[in-house]
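Reading through the structure tokens given below for one structure.
Values in this text are rule-based calculations from the coordinates and carry no lab data. In this text, all values refer to a predicted model and were calculated from it rather than measured experimentally. Don't worry about glycine lacking a Cβ; one is built from the backbone with ideal geometry, like all the others, and counts go over all protein chains shown.
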Amino acid sequence: MGKINFYIIIAIFICSCNSENNLDKSIKNITYDDFQSIENLDYEIVNLDSIWKPTQIFIEDNNLILIDKSQENFAQVFDFETKLKKCENITFGVGPNESLDCWSLQIMKDYILSFSIQTNQLMKYSKKDFLEKSHICNIATYEAKDYYPTAMVLLSNNNLVGASHIDTSNTITLFDSLGNKIDKHTPYPILESSKNYKDIENKFAFQNRIYYNDSNERIVVPYAFTDIFDIYDNDLNLISRVHGPIGFEPLMVERDNFLSPNSSTKRSCVLCCLTKKYIWCCYYEGKTAPDNPIPNQILVFDYEGNPFKVFNLNIDIYGLAVDEENNSIYAIAETPEFSIVKFNYK
């Protein structure tokens with residue numbers, strides 16, 4: 001009997017070691033209790049001279065930039081003080097200096113870049129021209145060779161980072177300025193629901209977006225179907241991988257031999273704004289896909305992944321921009337028509 005008990009103890013020890021080895025030690029699990037404070041915010045409407053149906057909003061050099069895919073020119077630039085439209089650019093089309101889409105903007109110190117998911121190209125413009133002129137010419141075009149990225153940013157060292165379904169072994173992919181892949185492994189998170197996934201299954205379970213802050217050279221990668229986001233440096237070294245505060249995982253099912261999110265899959269922090277000090281994430285609070293979820297909460301972290309503040313909003317928002325110097329948050333909302341709203345925080 002003594003020998004049997006001894007073997008049982010050994011077996012339990014081995015199983016516990018194997019279970020521990022299966023855990024993703026890079027993940028930092030957090031809860032709402034880890035944030036320093038929670039603040040409830042009320043909105044006020046910003047009366048711009050004319051807007052239609054913007055999908056994204058940005059703040060730069062006392063200007064508001066709206067991206068509106070329903071217009072002939074995707075980008076509209078408004079003066080902060082007068083609230084009047086200064087110019088509009090990125091014209092729809094296939095001709096010179098035209099674009100089929102403006103999926104996202106990346107704002108750097110001297111440049112603004114527009115990514116088109118239709119052509120898989122990142123187009124670079126002078127920031128001064130972008131903010132002041134309606135007819136602008138791109139000064140460079142970047143693309144990843146044969147990778148068809150769904151998101152892409154330019155780093156301050158002139159390398160590119162993209163998310164692509166072609167590269168199934170990595171969450172994100174590093175390229176040089178000519179679009180050639182640089183060998184750098186970026187592993188997927190390992191969760192209880194995904195620990196037996198193949199690479200192609202991980203690629204769909206951990207769909208992501210990419211944001212970049214050139215002032216502190218940090219890449220932020222939020223995932224669509226789990227409340228995890230990653231922080232990388234310019235060399236794609238993982239700085240932090242944060243999971244929470246609800247801590248949900250991707251829920252995937254197989255349909256016609258293809259893995260996809262199921263009806264109870266929750267949405268997460270795919271809308272982010274990076275300021276000099278903080279990472280601002282629009283959080284869906286565990287809402288599920290059939291509800292057509294819209295975020296009404298903002299989670300704020302530092303660039304080491306440490307929780308800072310929670311902002312509860314009294315309206316759902318579609319886009320996010322932060323004026324850190326004046327403690328103001330700007331967003332797109334339906335009130336009931338599309339409007340730009342402002343929140344002041346402490």
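Estimated from helical segments only, the mean residue ellipticity of the chain at 222 nm is -3000 deg cm²/dmol, where each DSSP H run of four or more residues counts as -39500 (n - 2.57). Once backbone amide H atoms are built at 1.01 Å from N, SER240 has ILE231 as its partners under 5 Å, excluding neighbours fewer than 5 places away on the same chain. Once you have a ≥ b ≥ c as the square roots of the Cα gyration tensor eigenvalues for region 15-160, tell me rounded if a/c is under 1.5, and otherwise prolate or oblate according to whether a/b is larger than b/c. Cα axes put region 15-160 in the oblate bin.
Kirkwood radius and radius of gyration were both taken over the C-alpha atoms of region 88-195, and their ratio Rg/Rh is 1.04.
Exposure proxy shown here: for ILE139, ILE246, ILE51, the number of other Cβ atoms within 10 Å sets the order, fewest to most, as ILE139, ILE246, ILE51. Between PHE308 and ILE190, the simple label model (points 7 Å from Cα in the Cβ direction) yields a spacing of 3.2 nm. Can you bin region 134-220 into rounded, prolate or oblate? Criterion: square roots of the alpha carbon gyration tensor eigenvalues sorted a ≥ b ≥ c, rounded for a/c under 1.5, prolate for a/b above b/c, oblate for the rest. Prolate shape, in that a/c is at least 1.5 and a/b is the bigger ratio. Over region 103-146, the Kirkwood radius and the radius of gyration, each from Cα atoms, give a ratio Rg/Rh of 0.98. Going from the residue with the fewest nearby Cβ atoms within 10 Å to the one with the most, MET152, MET123, MET252 rank MET252, MET123, MET152.
DSSP assigns beta bridges within region 27-344; of those with both partners inside it, close to 90 percent run antiparallel.
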